[in-house]
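Just below is one structure, and these are the notes that go with it.
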Amino acid sequence: MIKVTFVEANGKRIEAMAKAGDTLMQAAVGAGVAAIAAECGGACACGTCHCVLSEDWFSRVPAPASDEADMLDFVIDPQPTSRLSCQVVIGEDMQGIEVQVPDSQI
Amino acid sequence: MTQDTPATVLLDPHGAEFAADPYSTYAALRALDGPYYYKEIDTWMLTRMADVEAVALNKTMLRNNEAFISEDARLAQQRAINFHDMPHHERFVQVNLLESEGATHDRLRKVVFREFTPAMIARQREAIQSFVDRLLDSLSDQDEVDFVGDFAAHVPGHIIGRILGVPDEDCPQLRHWSEEVVRFFDPGRGDEDKARAEQATKEFYEYLLDLLAERERAPQDDLLSRLIGHRDGGRLSQDELISTAMLILMAGHGSTIDVLGSGMHALLRYPEQHERLREDPSLMKTAVQEMFRYESPLPFFHRFATEETEVGGKLFPAGTRFGLLYGAANRDPARFENPDKFDVGRTPNRHMAFGGGGHFCLGNHLARLDMDVIFSTLNTRFAAISLAEETPEYKRGLSVRGPKALRVAWQRA
């Protein structure tokens, strides 16, 4: 299992134990991270599972595909290291990753 | 796969009983040991959230079956649907973003998505507020109204018209066209419904052609002008532009009226929840979310399996049609605590009223903003609202959910 820590806008930290192959979105929803709305269920079709990675983690995970990059233009307050959590697959090498979650997705 | 299901469970979505309470039928179907075969439309009905979600997210499940049936079968299918000659309807309504898949769907969706983002929709807040205020002013001398017919039915068409770029004075006409065009989708449609759907499509098409010509001469800050830009940039064809404009009108119209009606009804049925919302307006977002879950306005969609697939623990062959009963999934106790309780503060509330997967509703932010503005305004302008009839009658059928009318009495604040 891989430990993923979600940090909410108010600073609250929520730890999740995720399986390799799951997405960050699945881990967040499973751990009850309310700000990851993930309304379309993980199809890169709604833009409501926005999260922000550190520069270090952003450079270590595979880059966003064009669909995700297009969608990221429309999330609230996009950052250079923004990702849609439904498109980030958790790998064995992601032990201890921290993920910032915005206050709201809509 | 055998098609036997216990005779004790009967799905009769056409009757008054189902319209009054579809949820006990949904619960009985959910208690079966797998999907329920509904012979009338040759469809396996899914009522559990896990199954509905899995099928909606499965990329091998498609909205139309044209990819895997023969050309002869496809033509026969079209003839069976079109016993009337409906050239405009077929060209602009039966083929659109919603019905497309794959690269065409992705291309069209990308064009429309940017128009319906939270930021774009937030620009409409003032216009919605001002229209709602004017409408309520016009009803202010009445102590009792039909919340659906006198009020809710006027709002979505007006706002969608504004977004498209239709002049205010033409917006009432949009509502008429929208209601006529969707007559084709009524399960009990007859020749007259089809003729009226075709006539309205033709009129709306001709209207759009004139408006497009105006926007070509003098572009405005509106959706039609931007669609022209996309057309000229090669991102969609002229027919796709028309069908997209029609879909935007239809998709956001009836369902928003329905959920406004059922949402109001829910608040009136559960006055303690209404009071809670009045006392804490910060609950409006979760309240609106709950209105969509509690009475999902579009409770039924379908998908076709393009390959052999396991659903709900059973194996189904390619070509199987599945019914996604969103209205049932949204009351599944495996996903929601006390699913039959209307709770304006429900969190989390991961319902599927807007569908899921690649066809997730593009207009969701607009519908939610309409609701937010309307219920916030009602709570400010009226000291009390109550139900003025005992049991409002809901529309019949599997595909829609909302009261036909809703008599309410209100006292101004």
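Nothing in this text is a laboratory measurement; each read-out follows from the coordinates by a stated rule. As the structure is a computational prediction, the values presented were derived from the model and not from experiment. Quick reminder, even Gly has a Cβ in these numbers, built from the backbone with ideal geometry, and neighbours come from all protein chains shown.
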Taking placed amide H atoms and a strict 5 Å upper bound, the residues 5 or more places from B:Phe316 or on another chain that come that close are B:Thr309, B:Glu310, B:Val311
For chain B, report the translational diffusion coefficient in µm²/s to the nearest whole number, using Stokes-Einstein at 10 °C, 1.306 mPa s, and a Kirkwood Rh over Cα pairs. 71
How big is the antiparallel share of DSSP beta bridges in region B:16-412, given as a percent to the nearest 5? 90
Between the alpha carbon centres of region A:5-19 and region B:27-50 the gap in Å comes to 37
For chain A, modelled as a GNM with alpha-carbon contacts under 10 angstrom, which of A:Ser85, A:Ser66, A:Ser54 fluctuates the most? A:Ser66
When B:Arg48, B:Arg30 are arranged by how many other beta-carbons sit within 10 Å of their Cβ, fewest first, they go B:Arg30, B:Arg48
Would you please give the residues with an amide H less than 5 Å from that of B:Ala405, counting only those at least 5 places away or on a separate chain, with H modeled from the backbone geometry? B:Glu393
Mind checking which aspartates and glutamates have their C-alpha under 16 Å from A:Lys12, skipping anything on the same chain fewer than 8 residues away? A:Glu98, A:Asp103
Hz values of 3J(HN,Hα) by residue in region A:5-18 - Karplus curve (6.51, -1.76, 1.60), Gly and Pro given as x: 10, 9, 10, 6, 4, 8, x, 5, 9, 10, 9, 10, 9, 10
Bridge type composition, the protein assembly as shown - antiparallel percent by DSSP, nearest 5: 80
Pairs of lysine in region B:16-412 with Cα under 29 Å and at least 8 positions apart or on different chains: total? 20
Set the Förster radius R0 to 51 Å, insert the Cβ-Cβ distance between A:Ala31 and B:Ala122 as r into 1/(1 + (r/R0)^6), and round the FRET efficiency to 0.05. 0.95
What shape does the protein assembly as shown have by the C-alpha gyration tensor, where a ≥ b ≥ c are the square roots of the eigenvalues, rounded means a/c under 1.5, and otherwise prolate means a/b greater than b/c and oblate the rest? rounded
Rank the residues B:Phe292, B:Phe382, B:Phe184 as a footprinting-exposure proxy: fewest other Cβ atoms within 10 Å of their Cβ go first. B:Phe382, B:Phe184, B:Phe292
Under a Cβ-only charge scheme (Lys and Arg +1, Asp and Glu -1), can you give me the dipole magnitude of chain B about the Cα centre, in debye to the nearest 20? 1060
Is region A:2-100 rounded, prolate or oblate when judged by the Cα gyration tensor, a ≥ b ≥ c being the square roots of its eigenvalues, rounded requiring a/c under 1.5 and prolate requiring a/b larger than b/c? rounded
Choose one of B:Ser376, B:Leu97, B:Gly356: the residue whose Cα lies farthest towards the positive end of the charge dipole of the protein assembly as shown (beta-carbon charges +1 Lys, Arg; -1 Asp, Glu; about the Cα centre). B:Gly356
Percent antiparallel among DSSP beta bridges confined to region A:2-100, rounded to 5, stands at 70
Name the residue, out of B:Gly402, B:Gly261, B:Gly363, whose mean-square fluctuation peaks in a Gaussian network model built on chain B with Cα pairs under 10 Å. B:Gly363
Find how many whole Å separate the alpha carbon centroid of region B:302-326 from the alpha carbon centroid of region B:60-112. 19
In sequence order, what are the phi-derived ³J(HN,Hα) couplings for region B:33-39 according to the Karplus relation 6.51 cos²θ - 1.76 cosθ + 1.60 with θ = phi - 60°, rounded to whole Hz, with x for glycine and proline? 8, x, x, 9, 7, 9, 4
Within 10 Å of each candidate Cβ there may be at most 15 other Cβ atoms; applying that plus a DSSP loop requirement, which chymotrypsin sites (Phe, Trp or Tyr not before Pro) in region B:8-111 survive? B:Phe68, B:Phe83
Under 17 Å Cα-Cα from A:Lys19, which lysines qualify once same-chain neighbours fewer than 8 residues away are excluded? A:Lys3
Charge dipole magnitude, Cβ of K and R +1, D and E -1 - region B:170-249, Cα centre, debye nearest 20: 220
In whole angstrom, and with the biggest value first, how far do the Cα coordinates of region B:1-160 range along each principal axis? 60, 41, 37
Of the candidates B:Ser255, B:Ser130, B:Ser296, which one comes out as most mobile in a Gaussian network treatment of chain B with C-alpha springs shorter than 10 Å? B:Ser130
With charges set only on the Cβ (+1 for Lys and Arg, -1 for Asp and Glu), what does the dipole of the protein assembly as shown come to about its Cα centre, in debye to the nearest 20? 720
With θ set to phi - 60° and the Karplus curve 6.51 cos²θ - 1.76 cosθ + 1.60, what are the ³J(HN,Hα) couplings of region B:358-363 in order, to the nearest whole Hz, using x for Gly and Pro? x, 9, 3, 3, 6, x
For region B:281-328, state which GluC sites (Glu not before Pro) are in a DSSP loop and have at most 15 other beta carbons lying within 10 Å of their beta carbon. B:Glu307, B:Glu308
Whole angstrom only: what separates the Cα centroid of region A:48-96 from the Cα centroid of region B:216-267? 30
